[in-house]
Structure formats: structure tokens, C-alpha cells
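The values are calculated or read from the model by the stated rules, or taken from the named source; none is laboratory data. Given the structure is predicted, the values throughout are model-derived calculations rather than measurements. In this analysis, Cβ positions are derived from the backbone assuming ideal geometry, glycine residues included, and neighbour counts consider all displayed protein chains.
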Protein chains: 2
Amino acid sequence: MSTIRDVAAQAGVHPSTVSRVFSGNAQISEATRQRVMEAARQLNFQPNAIARSLSVRRTKTIGVVVPHVFDGYFVDSFFPQLMAGLLDVTYARGYRLLVGGCNGYADEHVQALDILATHQADGILVTSSRLDVDTVGNLQCHNTPLVLIGHPPAQHANVAWVDADNRSATQEVIAYLARRGHRRIAYVGGDPDSSVVKERLEGYYAGMAQAGLPVSEAWIDYGYFAEDGGYQAVERTRRDASNAPTAYYAANDLMAIGLLRGLRERGIDVPGEVALVGTNDSPEAAHLTPALTSLQVPYRAIAAAAANLLIDAIEDEEQPTGHQLLASCLIERESA
Amino acid sequence: MSTIRDVAAQAGVHPSTVSRVFSGNAQISEATRQRVMEAARQLNFQPNAIARSLSVRRTKTIGVVVPHVFDGYFVDSFFPQLMAGLLDVTYARGYRLLVGGCNGYADEHVQALDILATHQADGILVTSSRLDVDTVGNLQCHNTPLVLIGHPPAQHANVAWVDADNRSATQEVIAYLARRGHRRIAYVGGDPDSSVVKERLEGYYAGMAQAGLPVSEAWIDYGYFAEDGGYQAVERTRRDASNAPTAYYAANDLMAIGLLRGLRERGIDVPGEVALVGTNDSPEAAHLTPALTSLQVPYRAIAAAAANLLIDAIEDEEQPTGHQLLASCLIERESA
DNA sequence: CTGAAAGCGCTTACAG
DNA sequence: CTGAAAGCGCTTACAG
């Protein structure tokens, strides 16, 4: 690989001149620009991005760590939509995306911290749904720009974040179900430690309260975001036949599919006897029988908004601030 | 941010000593290691990865550019499985993944070249299904390690690649259909310029020939990998009712879903009157009615194998060589 | 508009 | 085992 030096020699100019023609923003006479470009072409020169990054202290890269910790992470639509939104804006704005893997929630934070601390990226997006106070604090204390996808812990109201309207959207779903005459509505929530699940649970309680409906603890279950978890929730929520739910809200479609299977096995007709609403509008939702009514969460738009917030901050050389709550949309199909 | 200098000052040693304790592989007395670590802790020091990269000429990053050019790219299971496989091995081997977007096939190659030329990554994975000779040549002439996911053009037999057994797997599917008594079998292929589609078409012809079946041009159609393309293929392939196919093989599930819709609209029963086989075993395949028989392509394993090949080459400081052909597996369900 | 120099923050032969 | 120095390949005030 040739360097700026080689090109300079070839073109008969100083290396700094070569640097100037490649960095774009400098006054260079057309004649020398030509000479330099020609020399560069001959030597097949392209500036080394790493050297440039070290010098300008900017990598044109944003980091994200993906927590493929639960079964089905790469099957659910969350991940591809997240990447899609991130790539939409990083590409448009001339950035690249540095993706790190991890092997659990704790490690997710370690990896994110590592990307920040070692300056591998100009800023970082954190998607963890299990953020604790310390983690956010640690992430913030490197003053590299940081934006969360999801809500921050209450103590860190100052970090920038963007999220879906989990609480109110869930509340709306419950209201929708109540309007259709359901009184015993179950909530199948996924990982109980995740903040989304907590927000949705709040929305569930709010929706029930608003509709004047009592809540039985037996209706609240956690399917751990997996198909089998949804399946098992059927058994657990229907032990007392006289108190069995007539409607289920599941916090992702995978669990809704498990619920559907469990209900079908018991000969319970959906939506005839029991209504079912999933979340995420996964590719399979439209193709189930009955087609699954699902709460579509705008992950792609959320990811894009987060990336924009982050890049804005990077380019303005300040910590990102503010937050955005994007609206979900209930896709009504046949199951409810 | 503190640097190696600050830590050296604090610990009363030379900067090179600090470097040595952090680089791991150097003889350092336990006493000075302690002093250095303590100083680093106090100053919250972590080595700057960019500076290190410049010095060692290694980024511990591999690049990939994702071509979200066709409708449904982020819906199909190819993309998430690809990322899953890549993350599995990059994570395990201490690498990160640098992902670039692009806005079309031509740009895909520009981006890949850019990542290489600017040394942003130690090696690159190319997933393009529309590789031409020049592109591969250009990519190779930077002698950064390169591995293709998919077949190389014939002229570049020396690049390393890993792919699914597209040709023979498709041939097997045709044989399977022929064994079940089908004689008029259609091929709905996706983007005709993509190499996968060409390989599958070869497999189709081979399968038909092997079964002693004539092929009618009317049975070959391109759905451009989109649901609607599959839908439209129904009309085009059935103009001559007496020659209408009794079985369809579609090169992805999205198109198979479109075919299913088109057939249903015409009152044609699947699998009663017409058999249908898709490709990729997308999440929705199992949940369609009838459940879709689909050729499962081991994308995650392919991506993992490619990443391993690439990282092996990077660490051995040589161009990767060889290739791997991973077996697909027909998931038999109800549609065929 | 262009050159000469110092610097970005590490690493690593070379001595001792 | 540790220090002093040169180098990785750029950028960017500072002069002129």
C-alpha cells in the first residue's frame, strides 16, 4: 500500500499537500491538485482511515452491541428492523456501523463500555432492555456520545433516548380488548426484568383500571419471549377454568404463536372463544391461521431516530439530549 | 481521556512500560505491573484502539457491506441469519464487525472496496450475489484478505468462498417433486442476474433432465424475490391451462407466499392440485396454511464458516484459500 | 497556495 | 526487566 509520502514524491510536492487534496477542505491550485491526483491514481493510493482517525480523533463509525441472549433473537423482527434503521441513516450520513456481539446482559455492557473506552467508535447506541443505574453511569462517564434505544433508569433522565410508546400502546390494546367485551384479559410479558416488559405491564394495569376491570394475578405470566414460554402460559393461566382469560395480550409474536398452539391443543377457538393480540408484527403474523392481530412497533424508525440523534451530537461535539417516543400501531387481523 | 503518558507519569515509569503491561505479551515485573495497573485505574485509562491499530496495522475488525436493495431484504431470514453467524464467530474470536450500507449492487462493491482500501478492517466478507469479474479483481488487488459468501465468477477460482449447495439442492427438490408424480414443474427464481438464481436454475434443469421431464419455457419465471413477484408468476405460468404446472419451486419463501396467494385466488388447492416448495425456511413458513415445505439453507453456518476462514487468513497473514459447500435441507411440511 | 514541523497515542526493535 | 527512540500514516496550525 502506498502512503501520502509516496504520492508526494511521485508528484513532487510535500506530503501535507497531498493530505490537503484528499481532505477536501483546503485551497489547492488546480494544477497541483491534478498532479497529485494523477500520482495517486498511478500508485493506487487511498488514504488510510485509521491514521486519519487517530489524527482527527474521529472514526466516522458508530457502535452498537447486539445481545443475542434469548432464543429467537435473530428470528424476531426486532433485530433486522433495528439494523435496517441504523444502516439507513449511517449510510446516508457517511458513517459505518461497528457491531459487537456479547454473551449475556452483563457482557453487553462490558462490550459497549469497551467500544467507548477504546475509542473504536465516535458514539454508541445501547439497546439493552436491562439497563441498570451503574451501567448508564459508567457509559456516561466516558464522554463519548451515547443514546439509548429504550427508556433510561429514572436516575439518568438526562441521557438521550428514543423508544416506542410501550406503556400507552399496551394500555390501548387492553382498552381495545375491553371495548370488545373482554373482562378477563391476560398479560404474557416476556422477560420480567426487561424494562419494556415492565412498561407494558404498567400499561396493562392502567388499561384494566381505566376499563374498570379487576386483575387476577393468575392472568399475568412471563413467556420469556419464546414460543414455548407462550405455550406454557396457556396452562398456567387457565388452571382455574371459571377464571380463565377470554383474551391474551402477548409482548411478542413468538409468544403469541405459542399461545395459539396451546389454545388450539385444548380445542379453544381463536378468536371465537379467546382473543389474541401479539406484538411486533413479525413476518409470520399475517400468515397464521387465524391471522394474528399484532401491535406493530416502529423499530426501524426508532433505530433511525436514535442514529440521527447520535450523529447530530457527534457532529456538534456535545452530548446528545432529549428523547423521542414513537407511536406503535395495532394491526388488526383475525385473532382479536 | 488519559493516555499511556499520563499513566506512565503517575506510575513513575516510561510510557513503553505502560504499553507493555497492556499489550499482555511482555516480561514485566509483578511490582511494576501493579504500579501501572493502579495508576491506570486511578486515571480510568484504557488504551486507544485506533492508535494501537495504526501501530500494529491491525484493527481486529472485519468488514461486510449489506445490500438492502430488494424489497424484503430485512424481512427474509437471510439477513438476520447472516449477521448471527458473523457475530457468533467474530465475538468468539475477539473481533468486531464493521457494517456498511449501500444503495445498490454497484455501490455495494464501491463500499466494500472503500473499506478495504482505507484499511478500516483487517479483511472483508462479500455477500453480493451479482459479482462480476472486475469487481472481484479489484477487491483482490488490495491484498487484504477477502472471502466471498457465494460462488465467485469462474475466472476467479482462486478466491476463497463458502456457499450453500444451491445447484444440487435445487436438483434434489425437483427430484423430490418428480418422485411424487409431478411432470410439469415450475421454477420461480428471483433476480435473474444473481448467481444463486442461476445456480438454482441449473439445478432445476438438471433435476428435470434426470427425471426425464421436458421443460417448457412458460414454467420459468422470475419473482424478483418479492411476494408480489411470486403472485404475478402464477398468472404468467398458467396462461396455457393445458400446460399449467402442477408444482412450483420458488427460490425464496416470500415468493412462495405470493404464489400461494395467487393460487388460492384462482381456487387452486395446495397441495391437493398443486405442490409448492419454498426456500430459506423463513419464520412464517411453518405458520402458513398449508404449512410451507421449504428448502432450509444453512446461512448462519455459512456465515460462520466464512468468518472463520477470513479470520484464519488474517491471523496467518495470508490470503484465504479454499471453499466450502454447505448442505441445505428440505423441511417437509404440508405444501408439497 | 505550499512547505516544514509537531502531534494524534500507541508499539517494538535496540540497548543495557 | 526497563528506557529511549523511531515509526505507524495521517492532519493542521504556523510561516511565508
Selection count, the range A:286-308, where residues are under 28 Å from A:TYR91 (Cβ atoms) and touching a Leu at 6+ places or on another chain (Cβ under 9 Å): 12
Residue within the range A:82-91 that is more than 14 Å from DNA strand C (Cβ to nearest atom), among the aromatic types (Phe, Trp, Tyr) and surrounded by 16 or more Cβ atoms within 10 Å (Cβ to Cβ) present: yes
Breaking point among (1) buried (at least 17 other Cβ atoms within 10 Å of the Cβ); (2) in contact (Cβ under 8 Å) with a residue 40 or more places away in the chain; (3) within 16 Å of DNA strand C (Cβ to nearest atom), for B:SER53: (2)
Restricting the range A:275-306 to residues that are more than 11 Å from every other protein chain (Cβ to nearest Cβ) and within 9 Å of A:SER335 (Cβ to Cβ), the residue that is surrounded by the most Cβ atoms within 10 Å (Cβ to Cβ): A:GLY278
Residue in the range A:8-18 that is at pLDDT 95 or above and of a type in the set (Gly, Ala, Ser) present: no
One residue from A:VAL64, A:VAL69, A:VAL75 being crowded, with 20+ Cβ neighbours inside 10 Å, more than 16 Å from DNA strand C (Cβ to nearest atom) and within 28 Å of A:THR118 (Cα to Cα): A:VAL64
Subset of the range A:1-30 (residues that are small (Gly, Ala, Ser), more than 8 Å from DNA strand C (Cβ to nearest atom) and either closer than 14 Å to A:ARG52 by Cβ or in contact with a strand residue (DSSP E or B) (Cβ under 6 Å, 6 or more places away or on another chain) (or both)): A:SER23, A:GLY24
Test result for A:ASN308, in the same structural domain as A:PRO192 (by TED's automatic domain parsing) and polar (S, T, N, Q): no
Test set (1) surrounded by fewer than 22 Cβ atoms within 10 Å (Cβ to Cβ); (2) under 30 Å from A:PRO47 (Cα atoms) - B:LEU148 fails condition number: (1)
Count of residues meeting criterion [among the aliphatic types (A, V, I, L, M) and within 16 Å of A:GLU217 (Cα to Cα)] in the range A:175-189: 3
Residue in the range B:7-28 that is under 28 Å from A:PHE70 (Cβ atoms) and either touching a Phe, Trp or Tyr at 6+ places or on another chain (Cβ under 6 Å) or of a type in the set (Gly, Ala, Ser) (or both) present: no
Condition met for A:GLY24 (in the same structural domain as A:ILE149 (by TED's automatic domain parsing), more than 16 Å from B:ALA117 (Cα to Cα) and of a type outside the set (A, V, I, L, M)): no
Exclusive hit being modelled with pLDDT under 90 and either out of contact with any Lys or Arg (no Cβ under 8 Å at 6 or more places or on another chain) or not aliphatic (A, V, I, L, M) (or both), set B:PHE70, B:PHE45: B:PHE70
Test: A:GLN46 is more than 11 Å from DNA strand C (Cβ to nearest atom) and in a helix (DSSP H, G or I): no
